[in-house]
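Heads up, the thing below is written out as structure tokens.
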Amino acid sequence: MAETVHSPIVTYASMLSLLAFCPPFVILLWYAMVHQDGSVTQTFGFFWENGVQGLINIWPRPTLIAWEIIFCYGAFEAALQLLLPGKRVEGPISPAGNRPVYKANGVAAYFVTLATYLGLWWFGIFNPAIVYDHLGEIFSALIFGSFIFCVLLYIKGHVAPSSNDSGSCGNLIIDFYWGMELYPRIGKNFDIKVFTNCRFGMMSWAVLAVTYCIKQYEINGKVSDSMLVNTILMLVYVTKFFWWEAGYWNTMDIAHDRAGFYICWGCLVWVPSVYTSPGMYLVNHPVELGTQLAIYILVAGILCIYINYDCDRQRQEFRRTNGKCLVWGRAPSKIVASYTTTSGETKTSLLLTSGWWGLARHFHYVPEILSAFFWTVPALFDNFLAYFYVIFLTILLFDRAKRDDDRCRSKYGKYWKLYCEKVKYRIIPGIY
């Protein structure tokens, strides 16, 4: 049975709203950024005059070149995922008692992707500006193609699940939205969630960041310092992600959330369209910050990304050594928590209560949100829409923190209560 944090009415309303409104919002965001100067008021005025017909008129039709770009990119990333060598990494034990095995070759795939993309541009084989010029068509193709992909995942979950970490709650909408399988695979080695979340979604973030930078150079003959700060910070963040990719496989996205519309469509469509939107805005709205302000923003952003990384590294090292490590120069404070799997087997986990994880149960979300702010703030404050991703990320992570807390409360029982007594704040120390 699917677990829900909110009441059934709120759960159904939120699922249906996201299924209905996320696809058109992707197009609206692109249209506002590229054709309405990033202005909410201009975009609202257009639709006030033209209504639903206006949305139909501006919705780009998927073109052959859009499908070709998506196919070549997806096939290239799938080939790198399968063929590049990598260390064998085991994921966490699943609710059904399974332990997934991965090949950690994300860093290699990341650098091969960027080197190939920049090499194609440098040698005149492919101009990345073409991606920007067909961006609306690409997003439109991703919207429809990824929806079909999620339908196929739903069918696969019914007829050919990859493991017993799967099943139906009996409700078609919930099954489609949240997914049927925790670890769907094609064959033995091709992990679908690693592909959708990491190799397609997160990789597209870096590829599009570079694309926007090149497009601004093509338009203006130079790259503004605001675009440089935005691009560098995004690339540092994505580089951090792939450096830490094996740690990501222990997070809620992989170890708890099943492969459905929420995760897979989100990573295939929402990440490339929404997460990259500050750079998309800056293409046609270059801002000259001046050297001093640009350096201040860049340093602050890199510091936040480092703290976010160090939070995850600290917990990963704590788990890897079974608590036999130093946290901020001293032995870690911890709680030994036991829990029962769905198969009835009793297991134990260690809950870290010192270091970054002694400040708040999800303190790592603070530097993550601040990182997003610092790669957006080079756009300054002429248009609110440039900050949509920061606002969305804040809502997403606060909701995720609540879902994670509720899941852990159900999993660990009295041990989680003890943990919350030791680490009182959920996200912001002293406040929340």
Dividing the surface of the Cα convex hull of the range 380-432 by four yields a projected area in nm² of 4.6
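Which value, in Å², gives the accessible area per residue of the range 1-288 when a 1.4 Å probe is used on the protein heavy atoms? Please list the in-between numbers first.
Values: 12400 Å² over 288 residues.
In whole numbers, the range 1-288 has 43 Å² accessible per residue.
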Taking a temperature of 10 °C and a viscosity of 1.306 mPa s, what whole-number D in µm²/s does Stokes-Einstein yield for the range 112-212 with Rh from Kirkwood over alpha carbon pairs?
101
As I understand it, the value is the acute angle between the Cα axis of helix 106-122 and the longest principal axis of the Cα atoms of the chain; what does it come to in degrees, rounded to 10?
10
Just the C-alpha atoms of the range 1-288: what Rg/Rh do they give, with Rh taken as the Kirkwood radius?
0.98
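Relative to the present Cα-Cα distance, how much length would full extension add between LYS87 and PHE384 at 0.36 nm per residue of separation? Can you show the working numbers first?
Details: separation 297, 0.36 × 297 = 106.92 nm, distance 4.35 nm.
Stretched fully, the LYS87-PHE384 segment lengthens by 102.6 nm.
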On Cα atoms only, tilt of 203-220 relative to the major axis of the chain in degrees
20
Could you give the spread of the C-alpha atoms of the range 67-141 along their three principal axes, from largest to smallest, in whole angstroms?
48, 28, 14
The long-range amide H neighbours of SER94, using H built 1.01 Å from N in the peptide plane and a cut-off of under 5 Å, are ARG99
The range 265-349 - Kirkwood radius from inverse mean 1/r over Cα pairs (Å)
17.6
Between SER14 and LEU172, the two model label points (7 Å from Cα along the beta-carbon direction) sit apart by a distance in nm of 2.4
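Measure off, as a whole percent, the carbon and sulfur share of the 1.4 Å-probe accessible area of the range 289-431, all protein chains present. Intermediate values should be presented prior to the final figure.
Numbers: 4350 of 7300 Å².
The computed percentage sits at 60.
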Could you give me the ³J(HN,Hα) list for the range 13-18, computed from phi with Karplus coefficients 6.51, -1.76, 1.60 and θ = phi - 60°, whole Hz, x at Gly and Pro?
4, 5, 5, 5, 5, 5
Two-decimal log10 I(q)/I(0) for the range 294-432, as the Debye equation yields it once each C-alpha is a single scatterer, q = 0.18 Å⁻¹:
-1.07
What accessible surface, in Å², does a 1.4 Å probe find on LEU28, ignoring ligands, DNA and RNA and rounding to the nearest 10?
50
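In whole percent, what relative contact order does the chain give with Cα contacts below 8 Å and a gap of six or more residues?
On the way: 588 pairs, mean separation 74.7, N = 432.
For the chain, the relative contact order is 17 percent.
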Past 25 Å, Cα to Cα, is the threshold; run LYS240/LYS422; LYS347/LYS417; LYS156/LYS402; LYS87/LYS193 against it and keep the listed order.
LYS240/LYS422; LYS156/LYS402
Quick query: amide H of VAL327 versus all other amide H atoms, modeled in the peptide plane; which residues come in under 5 Å with a sequence gap of 5 or more or a different chain?
none
Using +1 at the Cβ of each Lys and Arg and -1 at the Cβ of each Asp and Glu in the chain, identify which of GLY221, LEU29, SER168 lies farthest towards the dipole's positive end.
SER168
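Any idea what the alpha-carbon Rg over 2.2 N^0.38 Å comes to for the range 128-179? Don't skip to the end; give the middle numbers.
Numbers: Rg = 15.5 Å, N = 52, 2.2 N^0.38 = 9.9 Å.
Scaled against compact globular proteins, the figure is 1.57.
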What list of ³J(HN,Hα) couplings, whole Hz, do you get for the range 324-335 from phi and the Karplus terms 6.51, -1.76, 1.60, once you set θ to phi - 60° and write x for glycine and proline?
9, 8, 9, 10, 6, x, 9, 4, x, 8, 8, 10
For the range 134-140, just list the computed ³J(HN,Hα) in residue order, Karplus coefficients 6.51, -1.76 and 1.60, θ = phi - 60°, integers in Hz, with x standing in for Gly and Pro.
10, 4, x, 5, 5, 4, 4
Using only Cα atoms, locate the centre of the range 138-179 and the centre of the range 25-61, then give the distance between them in Å, rounded to an integer.
30
For LYS424, go through the aspartates and glutamates and keep the ones whose alpha-carbon is under 18 Å away, minus same-chain ones fewer than eight residues off.
ASP399, ASP404, ASP405, ASP406
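The values are calculated or read from the model by the stated rules, or taken from the named source; none is laboratory data. Not measured: the values here are computed from a predicted model. Glycine gets a Cβ as well: all are built from the backbone with ideal geometry, and neighbour counts include every protein chain shown. For the accessible areas, the whole protein counts, side chains as well, though only heavy atoms, and no ligand, DNA or RNA atoms are used. Shrake-Rupley method; radii C 1.70, N 1.55, O 1.52, S 1.80 Å.
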